[in-house]
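See structure below.
Just so it is clear, none of the values below were taken in a lab; they were calculated from the coordinates. Here the structure is a predicted model, which is why all the values come from computation and not from measurement. Quick reminder, even Gly has a Cβ in these numbers, built from the backbone with ideal geometry, and neighbours come from all protein chains shown.
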């Protein structure tokens, strides 16, 4: 198991070890206690809260029920009062992190082929292969919560997500891969679909993710689109979606940090919207520490625009309502990049959290606006 994190534990008088798997970047647990379905939810919650990982050795369905019972106990704890929107955001993230840590303490062992030797265990081998690659002949441990996340991602990938901006069914579905942000916020795609194209010759799609923006530009008639991303999972995902949607002759997907070489009359970027530190590798599509990607895009945009070209920045103002970034700071970034605002279109979000009065961040979410900023070089 050289090169991989390893978990060691004692069971029935013998020492055991297995490879540790955590796509959330959680370090391997120091204490592991094998448990069965005689363990109560109260005891499981207490042990997990104290830092003991629970290696499940009974019926798989009962493990899922225990996980739900622990979650109910966590959610009954009253929230701390916040003094400001930024404080509410930080408290919410702290609570989310603590909740994830405790729920992630319920572990399941996978055999070398990713099968699970528990009663009523489902066949998760394909979901594991999609997330982790081919089996490597090693036993491994993973949290049940992450495993269930793999299953959810596998279903998203299998069924796909309908994107109305791409046209009519059935040829309008995006199939996100595990670890690649799904385009569930369709309102920003509506903005891209409606904005007037400065040219139909060439466009750059910066941080393509699933490839949905590149595909949308191609469907709008752009003859050539160069889509970039740093994440190998996103590259594979985008290429697969571009092929599925039949626009592969117009779209090239390459690995790059922000811009590809050259200039284009249209450069589009939908960076992560919140300037906060990701707590796991899977959060990089949501949180952009110190607005790194946003700053990089705005600082480099003018150099990659042709004369009379436009850069389209898709950005929510939720960070402003949370007190994480001001509109003045965004304006200063635009000016520092040698850019000016040509026009701006906006739309209210339609996602369920914007309407959920019980959401801890409901007040700022209810004010959120998503904008498409059309920028040009000064």
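Note the full-extension length gain between residue 137 and residue 289 as 0.36 nm times their separation in residues minus their Cα-Cα distance, in nm to one decimal.
Length difference between fully extended and current span is 51.0 nm.
Using only Cα atoms, tell me the angle between helix 327-336 and the longest principal axis of the chain; keep it within 0 to 90° and round to the nearest 10.
Result, in degrees: 60.
Using alpha carbon coordinates only, what is the Rg to Rh ratio of the stretch 160-377, with Rh defined as the Kirkwood radius?
Here the Rg-to-Rh quotient is 0.94.
What percent antiparallel are the DSSP beta bridges of the chain, to the nearest 5? Mind dumping the intermediate values first?
Values: 26 of 54 bridges.
Looking only at bridges with both residues in the chain, the antiparallel portion is about 50 percent.
Sequence gap at least 6, Cα distance under 8 Å: using those rules, report the relative contact order of the chain to the nearest whole percent.
Rounded, it is 12 percent for the chain.
Over the stretch 6-156, what is the relative contact order in whole percent, taking alpha-carbon pairs under 8 Å and six or more residues apart?
Dividing the mean separation by the residue count of the stretch 6-156 yields 25 percent.
Which three extents, in whole angstrom, do the alpha-carbon atoms of the stretch 280-362 cover along their principal axes, largest first?
48, 30, 22
Once every Cα of the stretch 102-236 carries one equal point scatterer and solvent is ignored, give the base-10 log of I(q)/I(0) from the Debye formula at q = 0.13, 0.15, 0.20 Å⁻¹, two decimals.
Result of the Debye calculation: -0.67, -0.80, -1.13.
List the equivalent ellipsoid semi-axes of the stretch 6-156 in whole Å, largest first, each obtained as the square root of 5λ for an eigenvalue λ of the Cα gyration tensor.
27, 19, 15
Report the relative contact order of the stretch 169-288, percent, no decimals, based on alpha-carbon pairs under 8 angstrom and at least 6 residues apart.
Computed over the stretch 169-288, the figure is 27 percent.
Can you compute log10 of I(q)/I(0) for the stretch 78-118 with the Debye formula, treating each Cα as one identical point scatterer, at q = 0.14, 0.21, 0.28, 0.30 Å⁻¹?
-0.51, -0.70, -0.92, -0.96
Roughly what % antiparallel, to the nearest 5, for the DSSP beta bridges in the stretch 6-156?
The antiparallel fraction comes to roughly 55 percent.
Sort largest first and round to whole Å: the equivalent ellipsoid semi-axes of the chain, each the square root of five times a Cα gyration tensor eigenvalue.
41, 25, 18
Can you order the peptides 343-355, 256-268 by their average number of other Cβ atoms within 10 Å per residue, highest first?
Final packing ranking: 256-268, 343-355.
I need the calculated FRET efficiency for the pair residue 193 and residue 12, taking r as the beta carbon distance and R₀ as 45 Å, to the nearest 0.05.
FRET efficiency, residue 193 to residue 12: 0.15.
Among 88, 119, 214, which one shows the highest mean-square fluctuation when the chain is modelled as a Gaussian network with alpha-carbon springs under 10 Å?
Comparing 88, 119, 214 in a Gaussian network model of the chain, the most mobile one is 119.
State the antiparallel share, in %, of DSSP beta bridges confined to the stretch 160-377, rounding to the nearest 5.
Approximately 45 percent, going by the DSSP bridge assignments.
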